[in-house]
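Asks: Structure below; questions to follow.
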Amino acid sequence: MRQRRLMNQINVVPYIDVMLVLLVIFMVTAPMLPTGTVDLPSVAKASLPKVPPMVITVKGEDRWTLGEGAAATGGPLIESDDLVARLQAAQEANPDRGVVISASKNVRYEAVMKVMDLLQRNQINKVGLLVQSGQ
């Protein structure tokens, strides 16, 4: 009597059938899913603050100037202790007053982060970055 040989191959036809059925189900149901929309804020739609912010202009490593209003870019260089003291006094006088950090693209990112870290360590709230509107 002759013995049957074992088959050492897998029959993949049922797996292919199942996968094709799943593919058809996903293709039919995908257009029915609700799409989500993300409303990103834009610079042009930002509301203007009630009180003009204090502007820190970063000129380089440990080289900062402090001014008021959006157009404040000039002025003498200021030390970190004096910067913190003036900003804390301004926020104590008016808690709604914000602080904006401005830097040109030539300034290293570490210099901007150093200012942000200094402000955070001294509990100065409402800190933002000045941006230029793209046209």
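The values are calculated or read from the model by the stated rules, or taken from the named source; none is laboratory data. What you see is a predicted model; the values in this text were computed from it and never measured. A quick note on method: Cβ atoms are made from the backbone with ideal geometry, for glycine too, and the neighbour counts reach across all protein chains shown.
Asks: Give the stretch 80-123 a look and list any residue that's assigned to a loop (DSSP other than H, G, I, E, B) and under 16 Å from GLU68 (Cα atoms), or say none.
Replies: Within the stretch 80-123, ASN94, PRO95, ASP96, ARG97, GLY98 qualify.
Asks: Could you tell me how many of the residues in the stretch 88-135 are small (Gly, Ala, Ser) and loosely packed, with under 14 Cβ neighbours inside 10 Å?
Replies: 6
Asks: A further question follows. Take the residues of the stretch 66-109 that are charged (D, E, K, R) and more than 17 Å from GLN120 (Cα to Cα): which is modelled with the highest pLDDT?
Replies: The qualifying residue modelled with the highest pLDDT is ARG108.
Asks: If VAL131 satisfies every condition in (1) within 13 Å of ASP62 (Cα to Cα); (2) in contact (Cβ under 8 Å) with a residue 60 or more places away in the chain but one, which is the exception?
Replies: With respect to (1) within 13 Å of ASP62 (Cα to Cα); (2) in contact (Cβ under 8 Å) with a residue 60 or more places away in the chain, VAL131 is out only on (1).
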